[in-house]
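Student: One structure coming up, written as structure tokens, with questions to follow.
The values are calculated or read from the model by the stated rules, or taken from the named source; none is laboratory data. This structure is a prediction, so every number in the text was calculated from the model and none was measured. Ideal geometry is used to build each Cβ from the backbone, glycine not excepted, and the neighbour counts take in all protein chains shown. Heads up: the accessible areas ignore ligands, DNA and RNA and are worked out on the full protein's heavy atoms, side chains in. Shrake-Rupley method; radii C 1.70, N 1.55, O 1.52, S 1.80 Å.
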Amino acid sequence: MPQERKINMLQTDYHDNVLTAYIDGEIDHDTAARLRISIDGAAQSLKPGLLCLDFGAVRFMDSSGVGLVMGRYRQMKLIGGRLRVVNIPGHIYRIFAMSGLEGLGVLR
Amino acid sequence: MNIRNEMKLSFPSKSCNESFARAAVAAFVMNLDPTVEEISDLKTAVSEAVTNCIVHGYRRGSGTIFITAKVLEDNRVVVKIRDKGCGIEDIKQAMQPLFTTAPDEERAGLGFAVMQSFCDAVKVSSKPQKGTTVTLEKYIAV
Ligand SMILES: Nc1ncnc2c1ncn2[C@@H]1O[C@H](COP(=O)(O)OP(=O)(O)OP(=O)(O)O)[C@@H](O)[C@H]1O
Ligand SMILES: [Mg+2]
């Protein structure tokens, strides 16, 4: 079995007032803490109108990922921007579906 | 019910062990030839229970987390995750979806809901100041 990378590489890209963060690897309580710092750091300095979290390369997520997204939703509200989560793999979407995030219209 | 295989693990309540614990349980059941979905469900449920030991059970310090896993004759996997932490006062309330005692730590209150939806059975026993044991059961289709 190939070893999956556990430390999330956070690549970001910013244009037209949209900050996109490409998350990869596994999101749990351990990695969420570091992801939060990197994402908030970028969002605080750029103050984008839209923060887009791209989950296309996320291999694993538990409920810590829901907390991470909810926290970024609040963070973006504070700076007057919006949040969107895109490319969510099917098995991970099942966890989001249990949260209130579906009703907030941030999941794509 | 006869036990076909079993294993025990113990490790300190460090957050870097969350990924170790779920990968170890996944590796243990691998010879039952589980589907990708069965493995993913089991890993997610184990991750929830282990994280709860770290962020809630041992919130005031650190301690040891104990895992035992058994494979029974009917292809049922039984995983017990135990801590000797603060315990849970009201288990019924704790298991309610969206209930959390740590909202300021960006917790969603979904851990038990995820365990219940990804396993066939979830049992919780707990004693305040003594600790908590979560038992997860999952059938691996033959
Ligand atoms: N091992 C434990 N020791 C002490 N309290 C626990 C333990 N596990 C769970 N709890 C209590 O049960 C509550 C609900 O747990 P649950 O996993 O459902 O949600 P959470 O951990 O608060 O949030 P999330 O899992 O979504 O990050 C916790 O907030 C905590 O008060
Ligand atoms: Mg939890």
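Here's the yes/no breakdown for (1) touching a Leu at 6+ places or on another chain (Cβ under 8 Å); (2) among the β-branched types (Val, Ile, Thr); (3) over 14 Å from B:Ser125 (Cβ atoms):
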residue: B:His56; (1), (2), (3): no, no, yes
residue: B:Ile91; (1), (2), (3): no, yes, no
residue: B:Pro97; (1), (2), (3): yes, no, yes
residue: B:Asp104; (1), (2), (3): no, no, yes
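Student: Same structure again: Name the pairs: first residue in region B:103-132 and within 14 Å of another protein chain (Cβ to nearest Cβ), second residue part of a strand (DSSP E or B) and within 11 Å of ligand 1 (Cβ to nearest atom), Cβ to Cβ under 6 Å, at least 6 apart or on different chains?
Tutor: From region B:103-132, the pairs are B:Met115/B:Val122; B:Gln116/B:Val122.
Student: If the requirement is being under 20 Å from B:Arg22 (Cα atoms), among the aromatic types (Phe, Trp, Tyr) and open to solvent by 30 Å² or more (accessible area, probe 1.4 Å), which of these qualifies: B:Phe66, B:Phe112? Lay out the reasoning, then the answer.
Tutor: Working: B:Phe112 fails: open to solvent by 30 Å² or more (accessible area, probe 1.4 Å).
The conditions single out B:Phe66.
Student: Test of understanding: among A:Leu35, A:Leu101, which residue is within 14 Å of chain B (Cβ to nearest Cβ), modelled with pLDDT under 95 and either within 16 Å of ligand 2 (Cβ to nearest atom) or open to solvent by less than 20 Å² (accessible area, probe 1.4 Å) (or both)?
Tutor: On the way: A:Leu35 fails: modelled with pLDDT under 95.
Going through A:Leu35, A:Leu101 in turn, just one is within 14 Å of chain B (Cβ to nearest Cβ), modelled with pLDDT under 95 and either within 16 Å of ligand 2 (Cβ to nearest atom) or open to solvent by less than 20 Å² (accessible area, probe 1.4 Å) (or both): A:Leu101.
Student: Testing B:Arg60 on (1) buried (at least 20 other Cβ atoms within 10 Å of the Cβ); (2) more than 10 Å from chain A (Cβ to nearest Cβ), one condition comes back false. Which one is that?
Tutor: Among (1) buried (at least 20 other Cβ atoms within 10 Å of the Cβ); (2) more than 10 Å from chain A (Cβ to nearest Cβ), B:Arg60 violates only (1).
Student: Using the structure shown, decide if B:Asp41 is charged (D, E, K, R), more than 9 Å from ligand 1 (Cβ to nearest atom) and more than 9 Å from every other protein chain (Cβ to nearest Cβ). Spell out the reasoning first.
Tutor: Working: charged (D, E, K, R): yes; more than 9 Å from ligand 1 (Cβ to nearest atom): yes; more than 9 Å from every other protein chain (Cβ to nearest Cβ): no.
Answer is no for this residue.
Student: Would you point out the residue of region A:43-88, among those that are more than 16 Å from ligand 1 (Cβ to nearest atom) and assigned to a loop (DSSP other than H, G, I, E, B), that is surrounded by the most Cβ atoms within 10 Å (Cβ to Cβ)? Steps first, answer last, please.
Tutor: Taking region A:43-88 as the starting set, the residues that turn out to be more than 16 Å from ligand 1 (Cβ to nearest atom) are A:43-59, A:75-88.
Next, only the ones that are assigned to a loop (DSSP other than H, G, I, E, B) stay: A:47-49, A:79-81, A:87-88.
Working: A:Lys47: 13, A:Pro48: 20, A:Gly49: 14, A:Ile79: 13, A:Gly80: 8, A:Gly81: 18, A:Asn87: 15, A:Ile88: 22.
Applying the filter and picking the extreme gives A:Ile88.
Student: Also: For region B:124-139, check the following and say yes or no: at least one residue is under 25 Å from A:His91 (Cβ atoms), part of a loop (DSSP other than H, G, I, E, B), of a type in the set (Asp, Glu) and more than 7 Å from ligand 1 (Cβ to nearest atom). Before the answer, list the steps.
Tutor: Here is the first cut: in region B:124-139, the ones under 25 Å from A:His91 (Cβ atoms) are B:124, B:134-139.
Narrowing the set further to residues that are part of a loop (DSSP other than H, G, I, E, B) leaves none.
Among the residues of region B:124-139, not one is under 25 Å from A:His91 (Cβ atoms), part of a loop (DSSP other than H, G, I, E, B), of a type in the set (Asp, Glu) and more than 7 Å from ligand 1 (Cβ to nearest atom), which makes the answer no.
Student: For B:Ile81, indicate whether it is within 15 Å of the chain's Cα centre (by Cα), under 27 Å from B:Asn2 (Cβ atoms) and either crowded, with 18+ Cβ neighbours inside 10 Å or of a type in the set (Val, Ile, Thr) (or both).
Tutor: Numbers: within 15 Å of the chain's Cα centre (by Cα): yes; under 27 Å from B:Asn2 (Cβ atoms): yes; either crowded, with 18+ Cβ neighbours inside 10 Å or of a type in the set (Val, Ile, Thr) (or both): yes.
Yes.
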